[in-house]
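So the structure is just underneath, and the comments pick up after that.
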Amino acid sequence: MTASATTPAPSPAPRRFGVLGTGFWARTCHGAALAAHPDVELVGFWGRDGGRAAAAAAEVGGRGFDDLDELLEAVDAVSIALPPHVQAPLAARAARAGRHLLVDKPLALDVAAAEEVVAAARAGGVASVVYVTYLFQPEITGWVDALRALADEHGPWEGGLFRWAGSIDVPGNPYAGSAWRRERGGLWDTGPHALSIVRALLPPVRRVAAGRGARDAVNVVLEHEGGAGSALSLTLTAPAGAGGSFATVWGPGGRHELPRFTGTPVEGHQRAVDELRRAAATGEAHPLDVGYARDTVAVLAAVEEHLARPAEQRTTPVR
Ligand SMILES: NC(=O)c1ccc[n+]([C@@H]2O[C@H](COP(=O)([O-])OP(=O)(O)OC[C@H]3O[C@@H](n4cnc5c(N)ncnc54)[C@H](OP(=O)(O)O)[C@@H]3O)[C@@H](O)[C@H]2O)c1
């Protein structure tokens, strides 16, 4: 894995933000957060469909753009809410144009595309933050800080179980029509959330193995540097009543459950904006920058590589 830091050149904190994307999350989270943020301006939305970009702007704020270069000219930073394989090349283009990056998870659907964003962020000297929702909620970051303090006192965490399950087939779910989710499943959609907690507490992931469950469900075994081991259970098609997320971590400091957070995604996004602005102004790489996001993509890609093996090469039959 690469070192995560992509040190930005210090620059004025970005004030003018543009949203790339016009879907549910672009409008209700990224756009709504920027429109309500006291220190920044929502310049508008870019979408491949100019009509949808104009409609998003009319609903949330700013104006609609169908020419990406025109939007990039008008902003200091972009906040991207697009399918990951669409996000990565556009993020690289924005970074090379000198625009700071607030990207969503996962950064890309393959390591090469993720590394292209990291290279572009370095070349453009821009700050970047990936919006891994849980790590922008105070109940979660407070819990992570407390567990890190316990590990300092008692010794490192030895393992954990991480269940992340969405239910996109339950009526009313806004992501039912999301093509990339249907194609790539919970591994790529909920996996980055689970890994955000795993990576906050356990050493770097060195090796993976995985098996399949119902529909898109994937069960992953992670071996960490230094000997810790953890397991993920991921899906985005959990039946009604079987979704949700929970995590347990253990070690010499005891056994601990991930708490629920009570804040909203909009509040979390506004914190991500604040942290991006701080990283740009100080020139200090954010710990959750595109280099960090690249390393998460590397874990997910390794799992996918494992799953692509014929069943007899990745599992042992029971006799
Ligand atoms: N952090 C979180 O908790 C959280 C929650 C939800 C979503 N997200 C992330 O937000 C991102 C977007 O998610 P989503 O649910 O909005 O995705 P989605 O429903 O699959 O995608 C919808 C948007 O992508 C646009 N799009 C699709 N293909 C495109 C292309 N080739 N070029 C340009 N635009 C294209 C669509 O445009 P059209 O309208 O023109 O089709 C629409 O605006 C994902 O990375 C997802 O993981 C994160």
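The values are calculated or read from the model by the stated rules, or taken from the named source; none is laboratory data. Treat the numbers as computed from the prediction; the structure is a model and nothing was measured. Using ideal geometry, Cβ is built from the backbone for each residue, glycine included, and neighbour counts are taken over all protein chains shown. Remember, those area values only see protein heavy atoms, side chains included, never the ligands or the DNA or RNA. Shrake-Rupley method; radii C 1.70, N 1.55, O 1.52, S 1.80 Å.
Quick look at the numbers
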| item | result |
| --- | --- |
| Residue 272 part of a helix (DSSP H, G or I), open to solvent by less than 10 Å² (accessible area, probe 1.4 Å), closer than 26 Å to residue 152 by Cβ and at pLDDT 95 or above | no |
| Residue check, residue 218 of a type in the set (A, V, I, L, M) and open to solvent by less than 10 Å² (accessible area, probe 1.4 Å) | yes |
| Lone unmet requirement of (1) in contact with a helix residue (DSSP H, G or I) (Cβ under 7 Å, 6 or more places away or on another chain); (2) at pLDDT 95 or above; (3) under 21 Å from residue 185 (Cβ atoms); (4) among the basic types (Lys, Arg) for residue 314 | (2) |
| Tabulated pairs, the stretch 101-117, first outside the structural domain of residue 79 (by TED's automatic domain parsing), second assigned to a helix (DSSP H, G or I) and away from the ligand (no atom under 13 Å from the Cβ), C-beta under 6 angstrom, 6+ apart or interchain | none |
| Failed item, numbered, when residue 53 is tested on (1) free of Cβ contacts under 8 Å to residues at least 60 places away in the same chain; (2) more than 9 Å from the ligand (Cβ to nearest atom); (3) farther than 26 Å from residue 292 by Cα | (2) |
| Residue match in the stretch 172-181 (condition: in contact (Cβ under 8 Å) with a residue 12 or more places away in the chain and among the small types (Gly, Ala, Ser)) | yes |
| Qualifying residues in the stretch 171-192 (those that are more than 17 Å from residue 303 (Cβ to Cβ) and assigned to a loop (DSSP other than H, G, I, E, B)) - the one farthest from the ligand (Cβ to nearest atom) | 171 |
| Residue match in the stretch 231-246 (condition: in contact with a His (Cβ under 8 Å, 6 or more places away or on another chain), under 30 Å from residue 153 (Cβ atoms) and open to solvent by less than 70 Å² (accessible area, probe 1.4 Å)) | yes |
| Residues (open to solvent by 40 Å² or more (accessible area, probe 1.4 Å), away from the ligand (no atom under 16 Å from the Cβ) and part of a loop (DSSP other than H, G, I, E, B)) located in the stretch 149-170 | 156, 158 |
| Scan of the stretch 149-164 for residues that are in contact (Cβ under 8 Å) with a residue 60 or more places away in the chain and over 12 Å from residue 219 (Cβ atoms), ordered by number | 150, 151, 153, 154, 155, 156, 157, 158, 159, 160 |
| Given (1) open to solvent by 30 Å² or more (accessible area, probe 1.4 Å); (2) more than 10 Å from the ligand (Cβ to nearest atom), number of the condition residue 61 does not satisfy | (1) |
| Any chance residue 23 is more than 30 Å from residue 203 (Cβ to Cβ), within 16 Å of the ligand (Cβ to nearest atom), at pLDDT 95 or above and open to solvent by less than 30 Å² (accessible area, probe 1.4 Å) | no |
| Search result, residues across the stretch 247-260 that are open to solvent by 60 Å² or more (accessible area, probe 1.4 Å) and within 23 Å of the chain's Cα centre (by Cα) | 257, 260 |
| Test set (1) assigned to a loop (DSSP other than H, G, I, E, B); (2) over 17 Å from residue 127 (Cα atoms); (3) more than 13 Å from the ligand (Cβ to nearest atom); (4) touching a helix residue (DSSP H, G or I) at 6+ places or on another chain (Cβ under 8 Å) - residue 38 fails condition number | (4) |
